[in-house]
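The values are calculated or read from the model by the stated rules, or taken from the named source; none is laboratory data. In this text, all values refer to a predicted model and were calculated from it rather than measured experimentally. Heads up, the Cβs are rebuilt from the backbone with ideal geometry, glycines too, and the neighbour counts pull from every protein chain shown.
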Amino acid sequence: MAAKKVLVVDDESSIREMLRLALELADFECREATDIHEAYQLITDDAPDIVLLDWMLPGGSGIELLRRLKKEEATQALPVIMLTAKTHEDNVIQGLDVGADDYITKPFAPKELIARMKAILRRSVNDGAGSELRVGELILEIDSRRVTLASKALEMGPTEFKLLEFFMSHPERAFSRSQVLDRVWGANVYVEERTVDVHIRRLRKALQAVNPIYADLIQTVRGTGYRFSPRDLAAV
């Protein structure tokens, strides 16, 4: 299998060197850029599989490049992880709202970053292949639009299906209601944020009917929104 290509966009040579060494040890093929213009050229010419994008760059911010990538059809699906020293929640939400697949704050452990990269790349393969998502005994079949739990078919509407697909594709991350609306309903659709709560209740009810433990995977995050967390499932 060919090595996955990673583009590291960061103006700090020490960070690029550290990442290149870690990525090559993990069998990735590494490319480097120091600003958004060089990065865009490399993305156009060399088509990486994933981009690690610093927030603060000379000649324009990483957010500017991210917006451009998400507007253009050829690069809309390109996975992007933001690398940032900005830890304020508003900055994190801004990056995710623009279309980043994940973010990691500096300083960070290369092993954690690589683990997140691999998870995103696995999701990309699943999305492209139109296959299935699995968490324990919960199976979501993307092509057939079928959900089973412990081999029992779950009855749910199309919105609940899309919600479950979104959460299973993004485990262990908290999302605000507005983020869920944008990702599931679409950014150009006006829907009250509390509509999310209604559909979350319906989804939990469908899971509860077969196994209450799986209903608890969709956690309410006070002051934020919701998180899908299968972390404790293996211990049950």
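So here's what we get for this one:
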| read-out | value |
| --- | --- |
| Failed criterion for His170 (all others in (1) touching a residue at least 40 places away in the same chain (Cβ under 8 Å); (2) crowded, with 17+ Cβ neighbours inside 10 Å; (3) more than 20 Å from the chain's Cα centre (by Cα) hold) | (3) |
| Boolean, Met117 is part of a loop (DSSP other than H, G, I, E, B) and not polar (S, T, N, Q) | no |
| From Leu163, Leu207, Leu140, Leu203, residue being within 20 Å of the chain's Cα centre (by Cα), hydrophobic (A, V, I, L, M, F, W, C), under 20 Å from Thr220 (Cβ atoms) and modelled with pLDDT of 90 or more | Leu163 |
| Sole exception among (1) loosely packed, with under 12 Cβ neighbours inside 10 Å; (2) on the phi > 0 side of the Ramachandran plot for Gly136, by number | (1) |
| Top-ranked residue of the range 1-31 - restricted to ones that are farther than 12 Å from Ile50 by Cα and charged (D, E, K, R), ranked as surrounded by the most Cβ atoms within 10 Å (Cβ to Cβ) | Asp10 |
| Sole residue being hydrophobic (A, V, I, L, M, F, W, C), surrounded by fewer than 16 Cβ atoms within 10 Å (Cβ to Cβ), on the phi > 0 side of the Ramachandran plot and at pLDDT 85 or above, chosen from Ala150, Ala109, Ala115 | Ala150 |
| Only listed residue being in the same structural domain as Ile114 (by TED's automatic domain parsing), under 18 Å from the mean Cα position of the chain (by Cα) and outside any strand (DSSP E or B), chosen from Ile63, Ile43, Ile15 | Ile63 |
| Test: residue in the range 172-181 that is assigned to a loop (DSSP other than H, G, I, E, B), closer than 21 Å to Ile104 by Cα and modelled with pLDDT under 90 | yes |
| Any chance Arg183 is of a type in the set (D, E, K, R) and touching a helix residue (DSSP H, G or I) at 6+ places or on another chain (Cβ under 7 Å) | yes |
| Hey, Arg68 surrounded by 13 or more Cβ atoms within 10 Å (Cβ to Cβ), of a type in the set (Lys, Arg) and under 17 Å from the mean Cα position of the chain (by Cα) or not | no |
| Any hit, the range 52-60, residues being touching a strand residue (DSSP E or B) at 6+ places or on another chain (Cβ under 8 Å), assigned to a loop (DSSP other than H, G, I, E, B) and surrounded by 17 or more Cβ atoms within 10 Å (Cβ to Cβ) | yes |
| Pairs, first in a loop (DSSP other than H, G, I, E, B) in the range 202-217, second among the β-branched types (Val, Ile, Thr), C-beta under 8 Å, six or more apart | Leu217/Val135 |
